[in-house]
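**Student:** I'd like to ask some things about the structure below.
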Amino acid sequence: MSRRKVGILGGTFDPIHYGHLVIAEDCWAQLGLDDVLFVPAGAPPHKRGQAVSPAADRVEMVGRAIAGNRHFRLSRVDVDRPGASYSVEMVSRLRRVLGDETSFFFIVGRDALADLPLWREPARLADLCQIVAVNRPGYPPLDLGSLEPAIPRASERILHLVVPELSISASILRQRVREGRPITYMTPDAVIEYIQQHRLYRAGETE
C-alpha cells in the first residue's frame, strides 16, 4: 500500500486569502499530495504583543475559504490546545493522529525560511516531515547552507518549489478594511462576507 501524502499549511490566517490558496493548490499538484491541511495557529509565538483575531473567527474564515475543494482540509489540531503554537509540536501531533503511514510535507514561504533556525527544535521538525519552501514576492532564494548549523544537511533536506506569486498579504487586507477600501478578488467572497458580518478589522474595534 502506498503511503498517504499530506501537505501542511499553517499560519495565523488573519484573514486567509488567495495567496494562501494558490500556494496550497500548486503544492498539491506539484507534489502529488492526497490532501492539504490548513492549520490555523492557536497562539502564534511570533505574534506576541500584536492584535490577533480570535481563533474561532480565523478558523471559520479558513473553513469558508476552502469549502468546495475536495483535497483541502481544515485542522483544529493547533487551536484546540492551550499554550503557544510551535510547528514541531503541531506536526508531531498530526503524526500521532494520522499515523506513521502518512508522509507529511510542511509548506513554508521563503520569508519564514530564514527564521527557521530560531524556531523550536528545527532539526526535529525536519526529521518529522519534508520541509517545502515556496517563493514569496520580494524574497530572493535563501542559501540553504546558512541553515545547516540548525538543520544538518539542510541543503539536501529542504525542497524548493516555484509557485505563482500573488502580492497579497493578510496585513494589507486588514489595512484596506480599516480604511474602508475593497478587498474583492483578494480573498473569497465567503470570507469577505464573514469579515463584514462580524465587523473584523474595523478602525477602533477589536480585531
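**Student:** Considering only DSSP beta bridges with both partners in segment 4-167, what is the antiparallel share in %, to the nearest 5?
**Tutor:** Among the beta bridges of segment 4-167, antiparallel pairing accounts for roughly 5 percent.
**Student:** Can you run phi through the Karplus equation (6.51, -1.76, 1.60; θ = phi - 60°) for segment 68-75 and list ³J(HN,Hα) in whole Hz, with x for Gly and Pro?
**Tutor:** For segment 68-75, the Karplus curve yields x, 9, 5, 10, 9, 9, 9, 10 Hz.
**Student:** Between the alpha-carbon centers of segment 1-78 and segment 139-207, tell me the distance in whole angstrom.
**Tutor:** After rounding, the separation between the Cα centres reads 11 Å.
**Student:** At 0.36 nm per residue, and after removing the present C-alpha to C-alpha distance, how many nm does the segment from Arg96 to Gln50 gain when stretched out fully?
**Tutor:** Additional length available on full extension: 13.4 nm.
**Student:** Nearest 0.05, what FRET efficiency do Ala203 and Asn69 give at R0 = 30 Å with Cβ-Cβ as r?
**Tutor:** 0.35
**Student:** With θ set to phi - 60°, apply the Karplus curve 6.51 cos²θ - 1.76 cosθ + 1.60 along segment 87-98 and write out the HN-Hα couplings as whole Hz, x wherever there is a Gly or Pro.
**Tutor:** 4, 5, 6, 5, 5, 4, 5, 4, 5, 5, 6, 8
**Student:** Given R₀ = 25 Å, what would the calculated FRET efficiency be for Glu165 paired with Asp143, taking r from the Cβ atoms and rounding to 0.05?
**Tutor:** Here the calculated transfer efficiency is 0.80.
**Student:** Just from its helices, what would the mean residue ellipticity at 222 nm be for the chain, if runs of 4 or more DSSP H residues each count -39500 (n - 2.57) and the sum is divided by every residue, rounded to the nearest 500 deg cm²/dmol?
**Tutor:** After summing the helix terms and dividing by the residues of the chain, the value is -9500 deg cm²/dmol.
**Student:** P(r) of segment 93-207 in 10 Å steps, Cα pairs, percent per bin?
**Tutor:** Spelled out per bin, shortest first, that is 12, 31, 25, 25, 7.
**Student:** Could you pull out which residues in segment 148-175 have an amide N less than 13 Å from a spot 7 Å beyond the Cα of Arg120, following the Cα-Cβ vector?
**Tutor:** none
**Student:** Starting from the amide H of Gly109, placed 1.01 Å from N in the peptide plane, find each other amide H under 5 Å away whose residue is 5 or more places distant or on another chain.
**Tutor:** Amide H to amide H, under 5 Å and 5 or more residues apart or across chains, Gly109 pairs with Val134.
**Student:** Show me, for segment 27-33, the HN-Hα J-couplings you get by feeding each phi into the Karplus relation (A = 6.51, B = -1.76, C = 1.60, θ = phi - 60°), rounded to Hz, glycine and proline as x.
**Tutor:** Per-residue couplings from phi come out as 5, 4, 6, 5, 8, x, 6 Hz.
**Student:** Given H placed on each backbone N at 1.01 Å, which residues far from Ile131 in sequence or on other chains put an amide H within less than 5 Å of it?
**Tutor:** Those lying under 5 Å, H to H, from Ile131 are Phe106, Leu159.
Read-outs throughout are calculated quantities, based only on the coordinates presented, and are distinct from any laboratory measurement. For clarity, every value in this text was computed on a predicted model and none was experimentally measured. As a convention, Cβ positions derive from the backbone with ideal geometry for all residues, glycine included, and neighbour counts pool all protein chains shown.
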